[in-house]
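**Q** Mind looking over this structure? Questions follow.
The values are calculated or read from the model by the stated rules, or taken from the named source; none is laboratory data. Since we're looking at a predicted model, the values are computed, not measured. Reconstructed Cβ throughout: ideal geometry from the backbone, glycine too, with neighbour counts over all protein chains shown.
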Amino acid sequence: MESKGLQDLKQKIQDYQHYGIVLLGLSSFMYLGTVIPFAGKDVTDEIVCGTTSLTGLGFTALMYFQAKRLKKQLQDIES
């Protein structure tokens, strides 16, 4: 039976991956707001959507980096 620490570590890995997926979806949605034209959109709207999209992509990369780091830590513990 696995210890509580290993279960927590696996749960954290799964959470980071889920956060990354959600942030990637949000970033994609915001990017679409940047490239799809609609009435009443001005330059500031494009800047906000573009900045939010890039910020979301940065946090997505951070989440996957953390998940990768924890996976390596889990492999070290299990070996």
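**Q** Considering the stretch 1-53 alone, what residues qualify as being modelled with pLDDT under 90 and acidic (Asp, Glu)?
**A** If the condition is that a residue be modelled with pLDDT under 90 and acidic (Asp, Glu), then GLU2, ASP42, ASP45, GLU46 are the ones that fit.
Matching residues to (1) more than 20 Å from the chain's Cα centre (by Cα); (2) not acidic (Asp, Glu):
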| position | (1), (2) |
| --- | --- |
| GLY40 | yes, yes |
| VAL43 | yes, yes |
| GLU46 | yes, no |
| GLY50 | no, yes |
| LEU54 | no, yes |
| LEU57 | no, yes |
| THR60 | no, yes |
| LEU74 | yes, yes |
| SER79 | yes, yes |
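**Q** How many residues are of a type outside the set (Gly, Ala, Ser) and closer than 21 Å to GLN66 by Cβ when one looks only at the stretch 3-50?
**A** So in the stretch 3-50, the residues of a type outside the set (Gly, Ala, Ser) come out as 4, 6-19, 21-24, 26, 29-32, 34-38, 41-49.
Checking which are closer than 21 Å to GLN66 by Cβ leaves us with 4, 6-19, 21-24, 26.
Counting residues in the stretch 3-50 that are of a type outside the set (Gly, Ala, Ser) and closer than 21 Å to GLN66 by Cβ gives 20.
**Q** Would you pick out the residues in the stretch 1-43 that are crowded, with 17+ Cβ neighbours inside 10 Å, farther than 17 Å from SER53 by Cα and of a type in the set (A, V, I, L, M)?
**A** Scanning the stretch 1-43 gives LEU9, ILE13.
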